[in-house]
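See below for the structure under consideration.
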Amino acid sequence: MADPRFFTNAGPFALADLAARAGAELKNAADPQRSVADVAPLEVAGPEHLSFLDNKKYVDAFAASRAGACLVRPEFAEKAPAGMALLLTDDPYRAYAKVASSFYPLPPLTPGVAETASVHPSAVVGAGSQIDPGAVIGAGAEIGERCHIGANAVIGHGVKIGNDCRIGALSSIGFALIGERVYIHPGARIGQDGFGFAMGPQGHLTVPQLGRVVIHDDVEIGANTTIDRGAGPDTVIGVGCKIDKLVQIGHNVQLGRGCVLVSQVGISGSTKLGDFVVAAGQAGLTGHLQIGSGVKIGAQAGVMRDIPAGETVGGSPAVPITQWLRQSAELARLVRKKGR
Amino acid sequence: MADPRFFTNAGPFALADLAARAGAELKNAADPQRSVADVAPLEVAGPEHLSFLDNKKYVDAFAASRAGACLVRPEFAEKAPAGMALLLTDDPYRAYAKVASSFYPLPPLTPGVAETASVHPSAVVGAGSQIDPGAVIGAGAEIGERCHIGANAVIGHGVKIGNDCRIGALSSIGFALIGERVYIHPGARIGQDGFGFAMGPQGHLTVPQLGRVVIHDDVEIGANTTIDRGAGPDTVIGVGCKIDKLVQIGHNVQLGRGCVLVSQVGISGSTKLGDFVVAAGQAGLTGHLQIGSGVKIGAQAGVMRDIPAGETVGGSPAVPITQWLRQSAELARLVRKKGR
Amino acid sequence: MADPRFFTNAGPFALADLAARAGAELKNAADPQRSVADVAPLEVAGPEHLSFLDNKKYVDAFAASRAGACLVRPEFAEKAPAGMALLLTDDPYRAYAKVASSFYPLPPLTPGVAETASVHPSAVVGAGSQIDPGAVIGAGAEIGERCHIGANAVIGHGVKIGNDCRIGALSSIGFALIGERVYIHPGARIGQDGFGFAMGPQGHLTVPQLGRVVIHDDVEIGANTTIDRGAGPDTVIGVGCKIDKLVQIGHNVQLGRGCVLVSQVGISGSTKLGDFVVAAGQAGLTGHLQIGSGVKIGAQAGVMRDIPAGETVGGSPAVPITQWLRQSAELARLVRKKGR
């Protein structure tokens, strides 16, 4: 169903093939070799489409869907309309990601360096990489194999980028070591000076920022997000972190594995996050904090203290989420009681 | 009064001509053909200038002004100093916009493609359009007539842009269909992947984002703002919406007509706004909400529920604005009472 | 200790020379001419390194450090380990900034205009300036001496930039007059239209923005920050202001000398700040406010009123910081008392 103006469908695929790709068990399939043309949402899918049911809010749409096949948890199988082939799985959304990526894989690269790109003679570009028009690659930079450097992106001197990375148009990267399969979205800023000044009434003196940004494998960094290099230690983004748009990450910050930072989050200098921390939109963390693994931080929360592993917090200043919900309710009650 | 280093004054204009352009009624004008050289604020305007009074806070400045002419509501006419020509109108600010645009129209384009721009052979550029140095236009893109594509802007494959659009320097646009007279400011990011992952301890799997961004006529999108393309449905920006700087709009979000989003607002995925919704600076909206037409959202508000049409909300979590004001007052009172 | 891949060490320096550069008094130095190879943090420094103790939290690390020399306040001198040379000063962080800048000065420029840069024939570029690949400089622009214009940066027509400025890659500057030693980080947007519309149900009419941005000497502006030009008056950034990443500054805003705005702060149109105002991360200020000199604004604060000089505020809506802390505590107490 994706607009062919922008997307190229690699299908069709046989139903049994898709089930295998999804790691799902095929059920109610009259013909496992039947051809599936595309993925589509439940409401608009037809007999040639595969859909998915993840959120139980949509069970009615599932029961009424004309989709030829659907990824679904076993518990909802009995609600399926007659004639729908089922692909049973405990994680339909993850299975959908795999199927959709089969229909719409990343477009193939066109290796080579565009005429208007500027690659410094001392830079190295790996085999199979594509450098788009206007990209600028500095002295001594090393770009891995099968990388895509987007139009007008700027890669500073000495930067090292691993294999299979995608560097978005108009992004800038400096003072950074980047792993494999990293995806930097357009306009992201990686490696500029952290905000370090010796302040005083005679003027704020800039403190040289002598660290780097180290980005591990499988990280995504959103459009117009900014990640400052370390002041002396490095700024570190752990394996598999996913960072949304317009996020700010200060110098010396360290993220563990698999952290998720939603858009407009800000993390001040030297704060350290464990693994799989999630921060919702517009949350802010002050500097020099220790945030334990598995912590969840609510939208717009203002975190000003260390948080032990596994806790969920909300509010500004942030408190445990149940306390924050009670505080909000109590405040509303106080006003109601007064009849004002 | 604008610096001629940057702005070109298209005047002078006759007083009667300006009144006609503004849709205002001329009064107290000794000579309707008198020449007006420029617009200027009340405090600095001289006899050759036209000014305006919109906010009654400035009535004293109006009464003391040396401006030769002034746009003003009829009710303030009697406060005018002797000798000032009046242009009576019920909306002096809108009238000022028209007059100022007469003095300072958009500069004319210099049609053609700059030498260092890269336009893919399969792209189409309409008559009268100006493509600045370093701009990159991808395969199959269609640029309308009389468009201005700023320096180093990057337009992705297949993107369609209507007539009379202005695309700011260093902005990027992908997977998008754009109407007429749309103005994208520098550094805006349109059409990158939405933040869609099937999360899990074995790693967060990227979900292909298969929708587009559809931007209707007369929209403005501010500098460094980010608008993600849809995940399957489209992200839609309605006719005449005005979006300020550093705003984030997630995948599948839909804005109705004439919405106004002030800087640093964030709207999470799949939330839908009606017509003429206004969100003040730094407000945040979680995902999958329905916000009715005419809703007003206060600065820094955190909207976590649907809001019916016409309501005004504030606070985080957001509540009706009167309740929020009472809560803030009650909280202050509690602390005062305790003498702490 | 900085990675030689990215940084070039200008040392070694004699201990006595560094003490003189730091304005510190040398003590416990067996040999003032001893060679110091580099700066390093207390924990990792060896006999050839100079370190510093600024925060008393690190006194134990100081007492245990193997650093050959250390910048330190006189009061901590007695805690020094045997054999460590001391550089006594009342402001070790500022002294460290000077020493670190001696080891790692700004890299020298390579004057000239890159082949793929576009400099308008009517633009003037001062002696010793370096224009990187893809940079675009408009008609009538004036660039001072010894400036560095980063790759793919876009300087609009008429813009004036003083001597010794650094303009980051992919930044854009228009309608601006810029002083000396100004440092604009990558992706910053200076001088685009302010958010000015005559709103109404018949559509929001754009009001021409006829002012400029005036940036005084020694200012730093962070990556992806946006500063709008004035609507008629100018937007003004005073001498020595330091502005972090992703900050938004609206039209007609005026900052006095030495203001510090931490990342993601937003200041609405026409608000005026005195000298040395500090706003912490994600704080927001509404329009048309007067903020006195020396005011401190807490993280995420929402300032909606004028603030007298010297006050510290927090919360949203912002109140004096002590009141905000009491309010937060009182709210927590109310909930605890109810045992809910």
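The values are calculated or read from the model by the stated rules, or taken from the named source; none is laboratory data. Note that the structure is a prediction, hence the values are computed from the model and not measured. Positions of Cβ are backbone-derived with ideal geometry, glycine not excepted, and every protein chain shown enters the neighbour counts. Just so you know, the surface numbers come from the protein's heavy atoms only, side chains and all, with ligands and any DNA or RNA stripped out. Shrake-Rupley method; radii C 1.70, N 1.55, O 1.52, S 1.80 Å.
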Which one of C:146, C:94, C:181 has the biggest mean-square fluctuation once chain C is modelled by GNM with Cα springs under 10 Å? C:94
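What accessible area per residue comes out for the protein assembly as shown, rounded to a whole number of Å², with a 1.4 Å probe? Kindly include the intermediate steps, with their values, before the conclusion.
Numbers: 37790 Å² over 1020 residues.
Result: 37 Å² per residue.
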Select from A:150, A:258, A:310 the residue whose mean-square fluctuation is largest in a Gaussian network model of chain A (Cα-Cα springs shorter than 10 Å). A:310
What's log10 of I(q)/I(0) for segment A:198-330 at q = 0.09, 0.16, 0.20, 0.22 Å⁻¹, Debye sum over Cα points only, no solvent? -0.26, -0.76, -1.09, -1.26
Please report the antiparallel percentage of the DSSP beta bridges confined to the protein assembly as shown, to the nearest 5. 10 percent
If you take the square roots of the eigenvalues of the alpha-carbon gyration tensor of chain C and sort them as a ≥ b ≥ c, do you get rounded (a/c under 1.5), prolate (a/b over b/c) or oblate? oblate
Taking amide H positions as placed in the peptide plane 1.01 Å from N, state which residues far from residue B:38 in sequence (5 or more) or on other chains have amide H under 5 Å from it. B:50
Cut-off 10 angstrom, C-alpha nodes, Gaussian network model of chain A. Which of A:301, A:188, A:20 fluctuates the most? A:20
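Give me the net charge of residue C:116's neighbourhood, meaning all other residues with Cβ under 12 Å from the Cβ of residue C:116; Lys, Arg count +1, Asp, Glu -1.
-4
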Convex hull projection area averaged over all views, segment B:13-103, Cα basis, nm²: 4.6 nm²
In a shell of Cβ-Cβ distance under 10 Å around residue C:158, excluding residue C:158 itself, what net charge do Lys and Arg (+1) and Asp and Glu (-1) give? +1
Before we go on, tell me the buried accessible area for the A/B pair, both chains summed, 1.4 Å probe, in Å² to the nearest 100. 4700 Å²
Past 24 Å, Cα to Cα, is the threshold; run C:160/C:242; A:242/C:245; A:98/B:272; B:98/B:242; C:27/C:56 against it and keep the listed order. A:98/B:272
Does segment A:119-214 come out rounded, prolate or oblate, given a ≥ b ≥ c as the square roots of the eigenvalues of its C-alpha gyration tensor, rounded meaning a/c under 1.5 and, failing that, prolate meaning a/b above b/c? prolate
Take the Cα atoms of segment A:292-340, build their convex hull, and give its volume per residue in Å³. 66 Å³
Please report the antiparallel percentage of the DSSP beta bridges confined to chain B, to the nearest 5. 10 percent
The alpha-carbon center of segment B:273-340 and that of segment C:237-257 are separated, in whole Å, by 28 Å
Would you work out what percent of the accessible area of chain B, with all protein chains in place, is carbon or sulfur (probe 1.4 Å)? 55 percent
State, to one decimal in nm and shortest first, how far the label point of residue A:112 sits from each corresponding label point in the other identical copies (label point: 7 angstrom along Cα-to-Cβ). 2.8, 2.8
Return the average number of partner chain Cβ atoms within 10 angstrom of each residue Cβ along peptide C:132-144. 4
Peptide A:101-108: average number of partner chain Cβ atoms within 10 Å per residue? 2
Which whole-number percentage describes the relative contact order of chain B, with Cα contacts under 8 Å and a sequence gap of 6 or more? 7 percent
Which ³J(HN,Hα) values, rounded to whole Hz and listed in residue order, are derived for segment B:102-112 from phi using the Karplus coefficients 6.51, -1.76 and 1.60 in 6.51 cos²θ - 1.76 cosθ + 1.60 with θ = phi - 60°, glycine and proline given as x? 6, 5, 10, x, 4, x, x, 7, 10, x, x
Computed over the protein assembly as shown, the Cα gyration tensor eigenvalues, each multiplied by 5 and square-rooted, give semi-axes in Å (largest first) of 40, 40, 33
For segment C:20-32, 3J(HN,Hα) per residue [Karplus equation, 6.51 cos²θ - 1.76 cosθ + 1.60, θ = phi - 60°, Hz, x = Gly/Pro]: 5, 4, 7, x, 10, 8, 7, 9, 6, 9, 4, 9, x
Mind listing the phi-derived Karplus ³J(HN,Hα) values for segment C:321-331, rounded to whole Hz, using 6.51, -1.76 and 1.60 with θ = phi - 60°, and x for any glycine or proline? 4, 5, 5, 5, 5, 5, 4, 4, 5, 5, 5
